[in-house]
Amino acid sequence: MKHRTRTACLLALALTLCLILPGIAEQPDDNPGLAEGASLRIMSYNILHPDWSRVPVKGRDEIVAGILQYYMPDVAALQEAGAKWHKALTPILVDTGIYAPACRKSNADGFMYNTTCFLYNPQTVSLVEEYILDLDYKSPSRVFSVAVFERRSDGTRFVMTNTHPAPRDEPENYARNMSELTAFAAETAQKYASLPIIMAGDFNTPEQSELYPAFMQAAGVRDAKYEAGMLVRGCSTFFGYQVPPDPGDTELCVDHLFVGGNVDVRLYNAVTGHDVQNASDHIPIYMDIDLK
């Protein structure tokens, strides 16, 4: 689909969503269409696991699905997408053909779903390869998910990873997970050295941490936020459930989009509208890119 046609469709969809979904309204500086010169949109979003947080999915599913349909990323890297999330989002987004899942099945015994998965738009990209590396032994959540996609318009391939290490208040688990995922990231970048690579996730690692530059150096990637030709909003990504995001707060940028190879980042944005505070304790981030 040509960029102009895609943008027109997205604008029409956005207007429809504003009418039918409460809390979904375009923000003054948020444009659902791709940035000029971009050909793909990539999102990362921790959607708050209901079994860990005791916050039910019901009600939040419509907000999260509405955000995904409003911005229509070609690939969305989701974290904390447990079984209840898979079951809630499947009839809205997957059965309708809007998205397809990648890295959906967990390696963990007794767990059907991988909580650190992808949704991709089958109209714009196709799935070539997928696998999951465990940060903790057969964990359904502490993983490093890898997927290779192909852009349907021209056959260009790119690699995406998605991860979610233990939080910093579990220091031993966090240190072990970060060490493992950094090693996996470096190995993956080497394995797919000829392809553009995007590493997404809730890293539980703020920009102030010494592990933040160490990860980028080991993996050979750059933070998309600081590569972007247009930075719409670069605020913190973690605020707590039902805590309104503050666009001026930059203390806890723990969700990241890293890029390596021939990836031209045209736009980066952290979403603060669309009722995000009632969807999760994190806000989604996305970037518009072109593969050079």
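Of the candidates Gly261, Gly220, the single residue that is on the phi > 0 side of the Ramachandran plot and buried (at least 18 other Cβ atoms within 10 Å of the Cβ) is Gly261. The condition of being of a type in the set (Gly, Ala, Ser), surrounded by fewer than 23 Cβ atoms within 10 Å (Cβ to Cβ) and without any contact (Cβ under 8 Å) to a residue 24 or more places away in the chain holds for only one of Gly248, Gly234, that being Gly248. Candidates in the range 97-116 are the residues that are touching a helix residue (DSSP H, G or I) at 6+ places or on another chain (Cβ under 8 Å), in contact (Cβ under 8 Å) with a residue 24 or more places away in the chain and not in a loop (DSSP other than H, G, I, E, B); of these, the one that is surrounded by the fewest Cβ atoms within 10 Å (Cβ to Cβ) is Ala100.
Checking each residue in the range 135-151 for being surrounded by 16 or more Cβ atoms within 10 Å (Cβ to Cβ), over 18 Å from the mean Cα position of the chain (by Cα) and either at pLDDT 95 or above or not charged (D, E, K, R) (or both) picks out Leu135, Ser139.
Of everything in the range 1-60 that's among the small types (Gly, Ala, Ser), modelled with pLDDT under 90 and touching a helix residue (DSSP H, G or I) at 6+ places or on another chain (Cβ under 9 Å), which residue is surrounded by the most Cβ atoms within 10 Å (Cβ to Cβ)? Of everything passing the filter in the range 1-60, Ala14 is surrounded by the most Cβ atoms within 10 Å (Cβ to Cβ).
Each residue in the range 70-83 was checked for being in a helix (DSSP H, G or I) and under 22 Å from Phe238 (Cα atoms), and 2 of them qualify. Filtered by the rule that a residue be out of contact with any helix residue (DSSP H, G or I) (no Cβ under 7 Å at 6 or more places or on another chain) and part of a strand (DSSP E or B), the range 245-289 gives Asp255, His256, Val263, Asp264, Arg266, Leu267, Asn269, Ala270, His282, Ile285, Asp288, Ile289.
Taking the listed residues Val271, Val265, Val254, Val243, the one that is without any contact (Cβ under 8 Å) to a residue 40 or more places away in the chain and under 22 Å from Leu68 (Cβ atoms) is Val243, with no other qualifying.
The values are calculated or read from the model by the stated rules, or taken from the named source; none is laboratory data. What you see is a predicted model, and the numbers here were worked out from it, not measured in a lab. When we count neighbours, we look across all protein chains shown, and the Cβ atoms used for this are built from the backbone with ideal geometry, even at glycine.
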